[in-house]
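A short worksheet on the structure shown next.
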Amino acid sequence: MSSRLKPHHIVRIIGVGVALFTFGSYLAPFVFEFDEASDVTRKVFGNVPAGVKLAFYTTIPMLIVYGGWVASYRVKNWERGRPDNRRTTLKNAKRRAGD
């Protein structure tokens, strides 16, 4: 197996990076203790319980990682240099019509 970094690896790394950035946006107010000096502000997630915020900021990064992982499969097909064979044939016509 080659240890060379391939395009589908880059897609996975980007997916994980975006997910980490998203979760970091949940942690940032706790770490940096943001305090708004302006009189006119809008509190983000004003009346939302902490558990719901945590669920939101953990579910979304997991979905982003999943999306990056699935997108990397499409990039693997591109790396192979040929498109998927998705033609309707006599063998798969009944199954496709049933879907």
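Rule-based calculations on the coordinates, nothing more; no lab input. A quick note: this is a predicted structure, and the numbers were derived from the prediction, not measured. Every residue, glycine as well, gets a Cβ built from its backbone with ideal geometry; the counts of neighbours run over all protein chains shown.
Some points to look at:
- Criterion (out of contact with any Gly (no Cβ under 9 Å at 6 or more places or on another chain) and touching a residue at least 40 places away in the same chain (Cβ under 8 Å)) met by exactly one of E36, E79: E79
- Qualifying residues in segment 11-61 (those that are of a type in the set (K, R) and in a helix (DSSP H, G or I)) - the one farthest from K76 (Cα to Cα): K53
- Residue in segment 61-69 that is surrounded by 10 or more Cβ atoms within 10 Å (Cβ to Cβ), in contact (Cβ under 8 Å) with a residue 24 or more places away in the chain and over 27 Å from G24 (Cβ atoms) present: no
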